[in-house]
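The next block holds one structure in the form of structure tokens; read it before the comments.
Only the coordinates and a few stated rules stand behind these numbers; no lab work does. Given the structure is predicted, the values throughout are model-derived calculations rather than measurements. Positions of Cβ are generated from backbone atoms using ideal geometry, with glycine treated the same way; all protein chains shown enter the neighbour counts.
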6 protein chains.
Amino acid sequence: MNPKPISRFPIPDLESLPDDLRERIKAVNEKSGFIPNIFLALAHRPDEFRAFFTYHDALMEKESPGLSKAEREMIVVATSARNQCQYCVIAHGAILRIRAKNPYIADQIASNYRKADISPRQKAMLDYALKVSRAAETVDEADFENLEGHGFDEQDIWDIGSISAFFGLSNRLVNMSSMRTNDEFYLMGRVPREK
Amino acid sequence: MNPKPISRFPIPDLESLPDDLRERIKAVNEKSGFIPNIFLALAHRPDEFRAFFTYHDALMEKESPGLSKAEREMIVVATSARNQCQYCVIAHGAILRIRAKNPYIADQIASNYRKADISPRQKAMLDYALKVSRAAETVDEADFENLEGHGFDEQDIWDIGSISAFFGLSNRLVNMSSMRTNDEFYLMGRVPREK
Amino acid sequence: MNPKPISRFPIPDLESLPDDLRERIKAVNEKSGFIPNIFLALAHRPDEFRAFFTYHDALMEKESPGLSKAEREMIVVATSARNQCQYCVIAHGAILRIRAKNPYIADQIASNYRKADISPRQKAMLDYALKVSRAAETVDEADFENLEGHGFDEQDIWDIGSISAFFGLSNRLVNMSSMRTNDEFYLMGRVPREK
Amino acid sequence: MNPKPISRFPIPDLESLPDDLRERIKAVNEKSGFIPNIFLALAHRPDEFRAFFTYHDALMEKESPGLSKAEREMIVVATSARNQCQYCVIAHGAILRIRAKNPYIADQIASNYRKADISPRQKAMLDYALKVSRAAETVDEADFENLEGHGFDEQDIWDIGSISAFFGLSNRLVNMSSMRTNDEFYLMGRVPREK
Amino acid sequence: MNPKPISRFPIPDLESLPDDLRERIKAVNEKSGFIPNIFLALAHRPDEFRAFFTYHDALMEKESPGLSKAEREMIVVATSARNQCQYCVIAHGAILRIRAKNPYIADQIASNYRKADISPRQKAMLDYALKVSRAAETVDEADFENLEGHGFDEQDIWDIGSISAFFGLSNRLVNMSSMRTNDEFYLMGRVPREK
Amino acid sequence: MNPKPISRFPIPDLESLPDDLRERIKAVNEKSGFIPNIFLALAHRPDEFRAFFTYHDALMEKESPGLSKAEREMIVVATSARNQCQYCVIAHGAILRIRAKNPYIADQIASNYRKADISPRQKAMLDYALKVSRAAETVDEADFENLEGHGFDEQDIWDIGSISAFFGLSNRLVNMSSMRTNDEFYLMGRVPREK
């Protein structure tokens, strides 16, 4: 069977893109060795592309005492799995494996985070992320108290909920455009890197 | 009963904000006569504030042949109602009344868009927006065919789905922060403006 | 677009109605200045009309120490919103604004009662009403204890649950008949009455 | 184990009741040989009692060319089963067995009406009744067309939906009061009556 | 109306069956006086037939201090009702009536086990069985603690969950094959046996 | 963090097992190079162990013209993912990769089978498997017609539904026992085997 296209929507030619988009895409290509399809799939809408990655980086390229980069990726994988977002589960599963230096954790969280090798604190973090994802209208003060009891502060709680909410947007964009997952992601972080 | 605070999270002092945020907030205050709370509630995170409003404006401050500004607001109201987002339903209900020049339409769509005074084309638009909001994992080619049968083109369909997805993010931020709705929105667009 | 009809089902001529129905309809018209469509939509079934309004008045035209008329309307608005009943949300939203002398409360409760300017006692009342509406099979003694802890007595609890259950009937009749909301309700209770 | 009480709410003494309630209860006792608990459980609220049984009789004590009394009971059993209403399933299951002269039909419909020995026309009737019960907000013109294709007219459709909606009220009253089912109902209509 | 067939799938001739299947079917026929349709409906797949009844008997033909045979049937009826499995509810309802020597209990549990004449311990047992049936992914240590607090030990808890899980398989086979319920089950255990 | 135990329930010593169980476990160990935890987790119940694997092999160790072994594993992965069964998704994901000789297919199907690189025929197969898993009570003749239109015959349809139903049992056993996934499964079928 022929592989499906990158997206149901147009993929512009790289040369036709505004300079900042082209530079960003070149940079990620140099760093990763390939262009993750999300960059190509959003490029036909430059302003949305810019906003999307600014938002993404503000939440994900951040390391705080209360919330490591690996934990941020756990949130992405857990909520994206529940939203049945193929690209997000597989691509961020790869990043999670690398950031957590753990080849098992992404598949565990994607299939059922409650049974994964995570701490009670991380379990509470994912419970809250899923609540924001599936029933945000019922979030209340008891959720804050529970998370604070696990050592998360107000800024962490904002981050957890915002990552869940932002990837809810991403999950929907991916599903509505049938965005294809790059083959490169499947194996990343599963085998030791060659020196 | 005392009114609840603007947000469960910090509201920074306007003077402490980066210039571009303060300018944007001043501009909206001058135009509207008040500061919608969403601007204050996101200000403690300048990068997220910038990304949020860039994304918002790219989708909502646009008028295309296939999708009027009023129709864009219909999508916001219908999906936000289903997500039980008080701020979004009431604030964008106000904008919808103004843009549609119709004092009834927002309450109709918020309570049950299927029974609202809208065209079959608009009904199909909202059906799709709700599908992206509630079950994006099942979107498929039949949805595109149906929307194209109602005269929407590919760019319109991207917009409909993206507005639904973006406000899903907004709805979750509002609910997780218990963001308060400004009193000014409730009556906007319900009575003829005085000259 | 032409306004939709009052109901998918027949609307009898006022003159053809049994005397008691015609008198009731005339009375409400004199009091309100218009005939709420629910009276017209049920009139083709006189016995059902009589039973409906007897039941309605027994639960709603009652003021008890534990449950004010405004609180009764809160229950109607909260449960009807969840059942997506346009007529009930808009018409009883109007009555709630008037009875609570509060132009904001109906829209707050319709969109998300958990975030509305209500007391913890009223929050518990609406939680119970929604439970009866959506999962009555799980009501148990713990619900009674919780409500009694908020000062509701047995008769109040009967009223809360019965209002929720009765308007569940009303919501379904409205939706199955696509009953139209009178234009007069939208603005009622939003602006100070002229003297 | 001691049998549970008739209701979580007060059961008034028969002698203390208004005359019309006492007469109605005496009449049903004479006809059935026992007092179905619903009569006792609603008696503490005479106006609601009157409205309830007026509504009930208007919908259920009616035989029309399009909708037999047995079919009306099928609707009650199918919708009450889905609402998990013990009293309604068992009591109206008894009445259905008697009216349909079929000792199997009630248990079939209560457990899964789609697999019951009913006609395609009756299957369409129950599909619609369940739609009104569970998702009335989505009822639309296609439902009417489908039912009319099965030979139901507008008055039948009103009846089907109203019976579903009315017993939704009844189901919720029963569940919120933990109303006990009379022992007499369980065997009724299962064995040939002795002469 | 003609009765529906035993199954949507083939029913082999008894004489064509492997010896062990034919013997088992003859034995049950002698004991019960009829052949329950599940034996006929699975017979076209001898290995599956053997596995199914081995599994069934291991869980159901067992009497332990913590879990009586009647209680095991309660689990079957409660979970099968929620899965809308006609054959399982009616056939195992009959067995439950006989094993519990109680003509009312099966209908009570099938319609709403929370309102049935059962002990708090049995209520906890059924709550857990339903949780395994509907949301097994959320089972956690708190469930074990709760059941142990009611006097169930680890082996009982395995049994409760396994019965729920095994009949989930059975329920799906029955529904996918539209397996017909034998007429004999409906009345079993409802009337005293003749001597 | 210490790895979690193989199961919340007892794991018997291999030497204490009945001969047939020990032989089966030894055989799988020799073939696979490790003992999949499901064999250990069920061993404390020999009859259930025997029935489980007899059923499993009857459905999965079969290759028919209409349903390949790889397609059978697709059904397991798709339904187990929806039931959030970690062990089943990861272990059968490995088997699927090997049988399909495709390192991508398991992760695609686990995250959202609708977007996987499968044929329309396989999509119809998985739609039906999920329907049996989530809403078997609604399976009807239209499902058979649809599958037959894709070239599946009656025996294939039995297999598809039975695999879905059987793994529903397996998924619930795994979740209720918090069965741990063997580390060996994660990488199987992702990289070419060394010669």
Next item on the list: At q = 0.19, 0.22 Å⁻¹, what is the base-10 log of I(q)/I(0) for the stretch C:97-152 according to the Debye formula with one equal point scatterer per Cα and no solvent? Please give it to two decimals.
Entry: -0.73, -0.89
Margin query: Going 7 Å from the Cα of A:VAL191 along its beta-carbon direction, which residues of the stretch F:157-195 have the amide nitrogen within less than 17 Å of the resulting point?
Written below: F:184-195
Item checked: Among the listed pairs B:LYS115/C:LYS101; A:LYS4/A:LYS101; D:LYS131/E:LYS4, those beyond 27 Å (Cα-Cα) -> B:LYS115/C:LYS101; A:LYS4/A:LYS101
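Which GluC sites (Glu not before Pro) in the stretch E:1-94 sit in a loop by DSSP (not H, G, I, E or B) and have at most 16 other Cβ atoms within 10 Å of their own Cβ?
Here the sparse-neighbourhood loop sites are E:GLU61, E:GLU63.
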Item checked: Inter-part distance where the stretch A:1-63 and the stretch E:122-195 are each reduced to a Cα centre, Å -> 51
Margin query: Treating the point 7 Å from Cα along Cα-beta-carbon as the label, what are the nm separations from B:ASP117 to the other copies, to one decimal?
Written below: 3.0, 5.4, 5.4, 5.9, 6.3
Next item on the list: Using only Cα atoms, find the angle between the long axis of helix D:86-100 and the longest principal axis of chain D, and express it within 0 to 90 degrees, rounded to the nearest 10.
Entry: 70
Item checked: Cβ-vector label at 7 Å, C:ASP57, separations to other copies in nm -> 1.9, 5.9, 6.9, 6.9, 7.7
Notebook entry, point to check: For C:LYS62 and C:GLU154, what does the FRET efficiency come to when R0 = 22 Å and r is the distance between their Cβ atoms, rounded to the nearest 0.05?
Noted result: 0.90
Check: Relative to the first principal axis of the alpha-carbon coordinates of chain F, what is the inclination of helix F:69-82, with its axis defined by its Cα atoms, in degrees from 0 to 90 and to the nearest 10?
Finding: 80
Margin query: Can you list the copy-to-copy distances for B:PRO18, using a point 7 angstrom from Cα toward Cβ, in nanometres, shortest first?
Written below: 1.6, 7.0, 7.0, 7.1, 7.2
Item checked: Cα-based equivalent ellipsoid, the stretch F:1-78: semi-axes from gyration tensor eigenvalues, Å -> 25, 16, 12
Margin query: Once R0 is set to 25 Å, what does the formula 1/(1 + (r/R0)^6) return for the Cβ-Cβ distance between E:ALA135 and A:ASN146, expressed as a FRET efficiency to the nearest 0.05?
Written below: 0.80
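So which chymotrypsin sites (Phe, Trp or Tyr not before Pro) in the stretch C:17-64 are both in a DSSP loop and have at most 13 other Cβ atoms within 10 Å of their Cβ?
Those satisfying the criteria are C:PHE34.
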Checklist line | For the stretch E:69-182: relative contact order, % (alpha-carbon pairs under 8 angstrom, 6 or more apart) | finding: 36
Check: Around F:ASN29, what is the net charge, scoring Lys/Arg as +1 and Asp/Glu as -1 over all other residues with Cβ under 13 Å from its Cβ?
Finding: +1
Note to self: What would the Debye equation give as log₁₀ I(q)/I(0) for the stretch B:1-138 at q = 0.10, 0.19, 0.20 Å⁻¹, counting only Cα atoms as equal point scatterers?
What the structure shows: -0.39, -1.20, -1.26
Note to self: Between 0 and 90 degrees, rounded to the nearest ten: what's the tilt of helix B:46-60 against the longest Cα principal axis of chain B?
What the structure shows: 40
Note to self: For chain B, what does the helix formula give at 222 nm: sum of -39500 (n - 2.57) over DSSP H segments with n ≥ 4, over the residue count, nearest 500 deg cm²/dmol?
What the structure shows: -20000 deg cm²/dmol
Notebook entry, point to check: Using 1/(1 + (r/R0)^6) with R0 = 25 angstrom and r between the beta carbons of F:GLU15 and F:ASN102, what's the FRET efficiency to the nearest 0.05?
Noted result: 0.05
Check: So which residue, out of D:SER133, D:SER170, D:SER32, gets the largest mean-square fluctuation from a GNM of chain D using Cα contacts under 10 Å as springs?
Finding: D:SER32
Checklist line | Axis-nearest residue of D (beta carbon) for the D-onto-A rotation, whole Å | finding: D:GLU137, 9
Next item on the list: Assign one of three labels to the stretch E:95-195, namely rounded, prolate or oblate, based on the Cα gyration tensor with a ≥ b ≥ c the square roots of its eigenvalues; rounded applies when a/c is under 1.5, prolate when it is not and a/b is larger than b/c, and oblate otherwise.
Entry: oblate
